[in-house]
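So the structure is just underneath, and the comments pick up after that.
The values are calculated or read from the model by the stated rules, or taken from the named source; none is laboratory data. Because the structure is a prediction, the values reported are computed rather than measured. Reconstructed Cβ throughout: ideal geometry from the backbone, glycine too, with neighbour counts over all protein chains shown. Note: areas computed on protein heavy atoms with side chains; ligands, DNA, RNA excluded. Shrake-Rupley method; radii C 1.70, N 1.55, O 1.52, S 1.80 Å.
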Amino acid sequence: MPVDFDWNSAGRGKAFVADLNAVIDELPDRLQDRLKAELDHLASLSNDAVMISAEQVCPVMGIDLEGSEGVQDVLLMLALDHPQAFERVAVQASLNRRTGGRNWSAFQFDDDGTAWALEDDAARAAFVGEAIEILNLPAHRKREADW
């Protein structure tokens, strides 16, 4: 539908909604409830925080969001074609809300083809130091033992 589509208009908006409701009304009650619950879930996820989460999660999973026309388009595509990614995006959005966006999925490291040598004390200390700096942790959480 076009962005300016008026779902509540007396013209084609009302007719389209009436047609959708007629199709849904023909379904058995259990399927109606399931479909309506799924549509409510999609509607509750249609916000900027979820779009940011999709932009973090989808590239890592090899899912291209190029050409998508907003969060609703992305959510429908994920729900239909990539249900596991859909759930991961929803969880990521919830985590972002609770943590203010400070979590590892927001970081992307260049892949130079070499494995991390975290068993090496110097490499491990450098990694922990950089991670603490990036995350801007409070003093009481900066101990290596907290990691």
Q. How big is the accessible area of ARG124 in square angstrom, nearest 10, if you roll a 1.4 angstrom probe over the protein chains?
A. 110 Å²
Q: Using DSSP to define loop residues, name the GluC sites (Glu not before Pro) in the range 22-73 whose beta-carbon has at most 14 other beta-carbon atoms within 10 Å.
A: GLU26, GLU66, GLU69
Q) Between LEU95 and VAL128, what FRET efficiency comes out of the Förster formula 1/(1 + (r/R0)^6) with R0 = 25 Å and r the beta carbon distance, rounded to 0.05? A) 0.70
Q. Given the protein chains as shown and a 1.4 Å probe, how many square angstrom of ASP81 are accessible, to the nearest 10?
A. 100 Å²
